[in-house]
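Asker: Okay, here's the structure, questions in a sec.
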Amino acid sequence: MRQPAHGGNLAWAAALAGCPRDAILDFSASISPLGPPNSAIAAIQSQIGNLKHYPDPNYSELRLALSHFHQLPPEWILPGNGSAELLTLAGRELAQLAAAMLITPAFGDYYRTLAAYNAKVLECPLSLVISHTLREAAKASTSLIADKGLLLNNPHNPTGKLFSRDSILPYLEEFALVVVDEAFMDFLSPDEEQSLISVVQEYPNLVILRSLTKFYSLPGLRLGYAIAHPDRLSKWQLWRDPWPINTLAAAAAIAAIQDTEFQQQTWTWLPPARSQLFQGLTSISGLHPQESAVNFLLVESKQSTSQLQQLLLKHHQILIRDCLSFKELGDRFFRVAVRYESDNQRLLAGLQSVLSQE
């Protein structure tokens with residue numbers, strides 16, 4: 001079976017480990033272990049009888065719930081079949097510009113969507129962004145920057161770095177289109193998050209992508225949404241198939257975003273769990289984790305991480321995310337999700353065991 005480019009491929013992992021899928025402890029997909037929320041499960045169950053009907057093509061109830069959640073008019077929000085569907089629509093727009101700039105290392109799906117529409121891609125290393133020289137890098141590639149688009153994620157995947165809102169705002173004045181993927185922003189509490197949602201109505205060239213997959217542990221339902229100017233979202237609706245979101249997913253989304261108890265539970269759980277895992281990884285010789293603002297850690301290893309991944313699967317039924325799909329990282333980095341303390345301890349013990357035998 002072909003090695004997956006994404007995390008969370010339990011069928012591949014189980015085949016390699018020689019065990020059932022449910023025996024795999026999955027650190028490869030950055031999904032919260034706390035969910036799905038009971039409220040979302042109850043909402044799904046309540047809608048079973050409506051499966052005989054088509055969904056509302058406008059998803060009016062879901063858009064209204066999201067509008068209350070973000071304090072925006074409903075027409076500024078477009079739900080989608082995961083943020084991946086909406087990323088594809090954004091890629092179509094970016095391809096209409098002279099070039100699209102990516103901050104590297106970049107999530108593999110960014111390359112997929114831009115390649116689908118033959119977009120010209122300019123790559124800018126993350127180190128340049130941190131030093132506030134992104135505009136210089138863009139200008140160096142050609143004479144103009146105003147005819148280019150920018151696609152970035154905040155917090156950044158795979159490093160977990162959080163950009164401040166103020167550090168991104170200048171780019172909205174300089175790029176023709178700025179697409180900000182905020183798939184992991186939910187993991188930051190309201191007093192820490194750096195979302196651009198609060199300024200989206202000021203910038204018609206800004207598109208924000210959000211996911212309900214990671215924070216609410218609902219990857220199987222495919223839930224996401226875009227926030228952008230209504231004219232842009234109306235155009236996107238003409239480009240896509242009708243009914244992209246099923247009835248059960250829409251009901252789960254409404255329940256999840258209204259579940260303030262679950263949200264607070266996650267914000268309370270994550271910082272100490274992340275710190276515990278970070279310290280444990282730091283204590284293992286040959287591993288160097290990077291600080292992260294979200295629910296995953298990028299780890300540099302002196303050993304081959306693809307080999308490390310296979311040994312962990314075969315001997316401990318633990319799946320980590322290799323970083324071979326991030327060409328700048330290669331076979332010396334891996335990424336792990338933050339899970340419950342007992343799971344984290346099992347990972348640390350497995351890593352210690354495997355690395356001590358190298």
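Asker: Return the residues of region 267-286 that are within 11 Å of residue 340 (Cα to Cα) and either crowded, with 19+ Cβ neighbours inside 10 Å or hydrophobic (A, V, I, L, M, F, W, C) (or both); say none if nothing qualifies. Give the steps one after another, and end with the answer.
Answerer: Within region 267-286, the subset within 11 Å of residue 340 (Cα to Cα) is 269-270, 272-274, 276-277.
Within region 267-286, 269, 270, 273, 274, 277 qualify.
Okay, residues lined up against (1) surrounded by 17 or more Cβ atoms within 10 Å (Cβ to Cβ); (2) closer than 20 Å to residue 12 by Cβ:
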{"residue": "288", "(1), (2)": "no, no"}
{"residue": "293", "(1), (2)": "yes, no"}
{"residue": "310", "(1), (2)": "yes, yes"}
{"residue": "328", "(1), (2)": "no, no"}
{"residue": "332", "(1), (2)": "no, no"}
{"residue": "342", "(1), (2)": "no, no"}
{"residue": "346", "(1), (2)": "yes, no"}
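Asker: Just give me the residues in region 159-188 being within 23 Å of residue 289 (Cα to Cα) and touching a Ser or Thr at 6+ places or on another chain (Cβ under 9 Å), in sequence order. Lay out the reasoning, then the answer.
Answerer: At the first step, the residues of region 159-188 found to be within 23 Å of residue 289 (Cα to Cα) are 159-164, 182-188.
Within region 159-188, 159, 160, 161, 162, 182, 183, 184, 185, 186, 187, 188 meet the criteria.
Asker: I've got another one for you. Does region 227-244 contain any residue that is touching a residue at least 60 places away in the same chain (Cβ under 8 Å) and within 17 Å of the chain's Cα centre (by Cα)?
Answerer: The answer is yes, given that some residue of region 227-244 is touching a residue at least 60 places away in the same chain (Cβ under 8 Å) and within 17 Å of the chain's Cα centre (by Cα).
Asker: Given 287, 348, 308, 329, which one is in contact (Cβ under 8 Å) with a residue 12 or more places away in the chain, within 27 Å of residue 211 (Cα to Cα) and of a type outside the set (Lys, Arg)?
Answerer: One residue alone meets the criteria, 329.
Asker: Residue 92 versus (1) within 25 Å of residue 338 (Cα to Cα); (2) within 22 Å of the chain's Cα centre (by Cα); (3) touching a residue at least 60 places away in the same chain (Cβ under 8 Å): which is the lone unmet condition?
Answerer: (1)
Asker: A follow-up question, please. Considering only region 49-68, state which residues are buried (at least 16 other Cβ atoms within 10 Å of the Cβ) and in a helix (DSSP H, G or I). Give the derivation first.
Answerer: Filtering region 49-68 for residues buried (at least 16 other Cβ atoms within 10 Å of the Cβ) gives 55, 59, 62-63, 65-67.
If the condition is that a residue be buried (at least 16 other Cβ atoms within 10 Å of the Cβ) and in a helix (DSSP H, G or I), then 62, 63, 65, 66, 67 are the ones that fit.
Asker: Quick one: is residue 27 hydrophobic (A, V, I, L, M, F, W, C) and outside the structural domain of residue 350 (by TED's automatic domain parsing)?
Answerer: On the way: hydrophobic (A, V, I, L, M, F, W, C): yes; outside the structural domain of residue 350 (by TED's automatic domain parsing): no.
When the stated conditions are applied, residue 27 does not pass them.
Asker: Suppose the filter is within 24 Å of residue 109 (Cβ to Cβ) and at pLDDT below 95; does residue 306 pass it?
Answerer: Values: within 24 Å of residue 109 (Cβ to Cβ): yes; at pLDDT below 95: yes.
Criteria met by residue 306.
Asker: What is the one condition in (1) under 24 Å from residue 227 (Cα atoms); (2) surrounded by fewer than 19 Cβ atoms within 10 Å (Cβ to Cβ) that residue 40 does not satisfy?
Answerer: Single failed check for residue 40: (2).
Asker: Considering only residues of region 204-219 that are of a type in the set (A, V, I, L, M, F, W, C), closer than 23 Å to residue 178 by Cα and touching an Asp or Glu at 6+ places or on another chain (Cβ under 9 Å), which is modelled with the lowest pLDDT? Walk me through it before giving the result.
Answerer: Kept after step one, since they are of a type in the set (A, V, I, L, M, F, W, C), are these residues of region 204-219: 206-209, 212, 215, 218.
Retained after the next criterion (residues that are closer than 23 Å to residue 178 by Cα): 206-209, 212.
Checking which are touching an Asp or Glu at 6+ places or on another chain (Cβ under 9 Å) leaves us with 207-209, 212.
Values: 207: 98, 208: 98, 209: 98, 212: 95.
Looking at the filtered set, the residue picked out is 212.
Asker: Still on this model: Checking residue 72 against (1) more than 29 Å from residue 199 (Cβ to Cβ); (2) assigned to a loop (DSSP other than H, G, I, E, B); (3) modelled with pLDDT of 95 or more, which test does it fail?
Answerer: The one condition residue 72 does not meet is (1).
Asker: Identify the single condition in (1) in contact (Cβ under 8 Å) with a residue 60 or more places away in the chain; (2) surrounded by fewer than 21 Cβ atoms within 10 Å (Cβ to Cβ); (3) at positive phi; (4) not small (Gly, Ala, Ser) that residue 75 does not satisfy, given that it satisfies every other one.
Answerer: Status for residue 75: all satisfied but (3).
Asker: Return the only residue of 114, 64, 78, 86 being under 18 Å from the mean Cα position of the chain (by Cα) and farther than 30 Å from residue 327 by Cα. Reasoning before the result, please.
Answerer: Details: 114 fails: farther than 30 Å from residue 327 by Cα; 64 fails: under 18 Å from the mean Cα position of the chain (by Cα); 86 fails: farther than 30 Å from residue 327 by Cα.
Result: 78 is the single residue among 114, 64, 78, 86 that is under 18 Å from the mean Cα position of the chain (by Cα) and farther than 30 Å from residue 327 by Cα.
Asker: Can you pull out the residues in region 95-122 that are of a type in the set (Phe, Trp, Tyr), surrounded by 17 or more Cβ atoms within 10 Å (Cβ to Cβ) and in contact (Cβ under 8 Å) with a residue 24 or more places away in the chain? Break it down into steps so the answer makes sense when it comes.
Answerer: Pass one, region 95-122, residues of a type in the set (Phe, Trp, Tyr): 107, 110-111, 117.
Pick out the ones that are also surrounded by 17 or more Cβ atoms within 10 Å (Cβ to Cβ) and you get 107, 110-111.
Answer for region 95-122, where residues must be of a type in the set (Phe, Trp, Tyr), surrounded by 17 or more Cβ atoms within 10 Å (Cβ to Cβ) and in contact (Cβ under 8 Å) with a residue 24 or more places away in the chain: 107, 110.
Asker: Quick check on region 39-57. Is at least one of its residues within 24 Å of residue 296 (Cα to Cα) and more than 17 Å from the chain's Cα centre (by Cα)? Quick ask: steps written out before the conclusion?
Answerer: Initially, region 39-57 is screened for residues within 24 Å of residue 296 (Cα to Cα), giving 40.
Checking the rest, the ones that are also more than 17 Å from the chain's Cα centre (by Cα) come to 40.
Yes, some residue in region 39-57 is within 24 Å of residue 296 (Cα to Cα) and more than 17 Å from the chain's Cα centre (by Cα).
Asker: Of all residues in region 138-166 being surrounded by 15 or more Cβ atoms within 10 Å (Cβ to Cβ), modelled with pLDDT under 95 and among the small types (Gly, Ala, Ser), which is nearest to residue 211 (Cα to Cα)?
Answerer: So the residue we want is 138.
Asker: Provide a single number: the residues in region 220-266 that are of a type outside the set (A, V, I, L, M) and either crowded, with 17+ Cβ neighbours inside 10 Å or not in a helix (DSSP H, G or I) (or both).
Answerer: Just the residues of region 220-266 that are of a type outside the set (A, V, I, L, M), to begin with: 220, 222, 224-225, 229-232, 234-237, 239-244, 246-247, 258-266.
With either crowded, with 17+ Cβ neighbours inside 10 Å or not in a helix (DSSP H, G or I) (or both) added as a condition, the list becomes 222, 224-225, 229, 232, 236, 240-244, 246-247, 258-259, 262-263, 266.
Counting residues in region 220-266 that are of a type outside the set (A, V, I, L, M) and either crowded, with 17+ Cβ neighbours inside 10 Å or not in a helix (DSSP H, G or I) (or both) gives 18.
Asker: Condition test on residue 343, is it over 17 Å from residue 23 (Cα atoms), in a helix (DSSP H, G or I) and charged (D, E, K, R)? So that I can check it myself, show each step before the final result.
Answerer: Numbers: over 17 Å from residue 23 (Cα atoms): no; in a helix (DSSP H, G or I): yes; charged (D, E, K, R): yes.
Taking the combined requirement at face value, the residue does not satisfy it.
The values are calculated or read from the model by the stated rules, or taken from the named source; none is laboratory data. This one's a predicted model, so the numbers in the text were calculated from it and none came from an experiment. Quick reminder, even Gly has a Cβ in these numbers, built from the backbone with ideal geometry, and neighbours come from all protein chains shown.
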